[in-house]
Structures are given as structure tokens and as C-alpha cells.
Amino acid sequence: VATQIIQGVAGLQYGGITVTMSHLVPALKMTYDSLKKKAYRVAKNPEEYLQEEYKEKLSDGIQTFMYQVNSMFTTQGQTPFLTVNLYINEVKEEDKRFLADIIEEVFKQRIKGFKDRYGNWVAPAFPKLIYVLEEDNITEDSKYWYLTKLAAKCPAKSLVPDYISEKKLLE
């Protein structure tokens, strides 16, 4: 649904669009809750089943988002100039885990790239990623440091993400 909205908006304007991945958190939470209920009904090891299914659904969802963004065109005949904001502190504390999972998967897939129509692995041009540096991710002992380390691996493949300071953002 998000990519359909992006395409609709991009087709009616010139210039770029910026979206946030936080809008995916409610859907991911619902998916997690649904999988949790199912895990205790069908699996011998419910926690293992839950984690495997959750990671698979998350990966499939982000992959779909990335492929759709890179295969859609505006009325100008080009891929929409899309920027995705990756900012953990824009959601409530209880939702940060889900947003962190989304951000992690975005980085993993950006590092991996995807296959073009000829079967070659390529680094996607879009979406452009902006990763917000904040107190929870800027030092080695911070909770989301693993995301910052993963973000640092991306530029070797695709020249993203760009970084922005939460402190400067809030000013």
C-alpha cells in the first residue's frame, strides 16, 4: 500500500518524496501478534517458529517495498526520487524494537542489493536512505549501535545512507 501511495504522489508532482519507515510499525506489530498466536497452536517449539516466521515476513515485506520502488515510474518516465527516513526516536518506546527490526532489514537488503532483469546483482539507486544519529545509536555501548555499524557497511555497496544528527534535526 505504501508504494502505491508513493507512486500516486510521485506521478502528480516534480521533485522528490520523503517517507518514514515508522508507518510500517503497526502492520509489523499486527503480523508479530498473529504469528505469536499461530506459533503456540501449530509449533513444537513456538519461540523458534515465531522468530523464523517473523524474520521471513519482515524480509519479504521490505524486499517487496524495495523492488516496487525500483520498478515504478512517474509520468516523467523515471523512478520516483524517494528518500526514506530511518529514525528510531519517532515512535513510542514499546514500538522501537519493531522499527529497529525494519531499519536493520532495510540495511541488510541494501547491502545485498537485488537482481536486475538480467539476473545480475545490483545496488538500487532508490530509495535514498537517511539514518538519524541519536543518543541510542552513536556509541558502542548504546542500544542500537548494531544498526549504526550496519549502516556503515552500506556505502561500500550503494553510497547510502546519509546521516543526520538528531540534535541538529531538533534544533
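Just a few scattered comments:
- Across the cross-link table entries LYS57/LYS115; LYS29/LYS92; LYS38/LYS112; LYS29/LYS115; LYS57/LYS149, which are compared at the Cα atoms, the separations over 22 Å belong to LYS38/LYS112; LYS29/LYS115; LYS57/LYS149.
- When LYS168, LYS108 are compared by accessible area of protein heavy atoms, the largest-first order is LYS168, LYS108, using a 1.4 Å probe.
- Per atom type, region 14-122 shows carbon and sulfur on 51% of its accessible surface, probed at 1.4 Å.
- For region 1-64, diffusion coefficient by Stokes-Einstein and Kirkwood Rh (Cα), 37 °C, 0.692 mPa s, µm²/s: 239
- Expected-Rg normalisation [2.2 N^0.38 Å, Cα atoms] applied to region 78-142: 1.34
- Relative contact order, whole percent, for the chain stands at 22, derived from Cα pairs under 8 Å and 6 or more residues apart.
- The relative contact order of region 55-121, computed from alpha carbon pairs under 8 Å that lie at least 6 residues apart in sequence, is 29 percent.
- In the chain, the calculated helix contribution to ellipticity at 222 nm averages -16000 deg cm²/dmol per residue, counting -39,500 (n - 2.57) for every DSSP H run with n ≥ 4.
- Check: region 86-132 dipole with +1 on Lys, Arg Cβ and -1 on Asp, Glu Cβ, in debye: 340
- Descending by average beta-carbon neighbour count within 10 Å, the peptides 98-105, 43-50 line up as 98-105, 43-50, the highest first.
- Normalised by the number of residues in region 80-171, the average gap of Cα pairs under 8 Å and 6 or more apart makes the relative contact order 31 percent.
- Heavy-atom accessible surface of the chain, averaged per residue, reaches 59 Å², computed with a 1.4 Å probe.
- For region 45-171, the fraction of C-alpha pairs more than 27 angstrom apart is 24%.
- Relative to the Cα centre, the charge distribution of region 1-145, modelled as +1 at Lys and Arg Cβ and -1 at Asp and Glu Cβ, gives a dipole magnitude of about 640 debye.
The values are calculated or read from the model by the stated rules, or taken from the named source; none is laboratory data. Computed from a prediction, not measured in an experiment: that's the story for all the values here. A quick note on method: Cβ atoms are made from the backbone with ideal geometry, for glycine too, and the neighbour counts reach across all protein chains shown. In case anyone asks, the SASA skips ligands and DNA or RNA and just uses the protein heavy atoms, side chains included. Shrake-Rupley method; radii C 1.70, N 1.55, O 1.52, S 1.80 Å.
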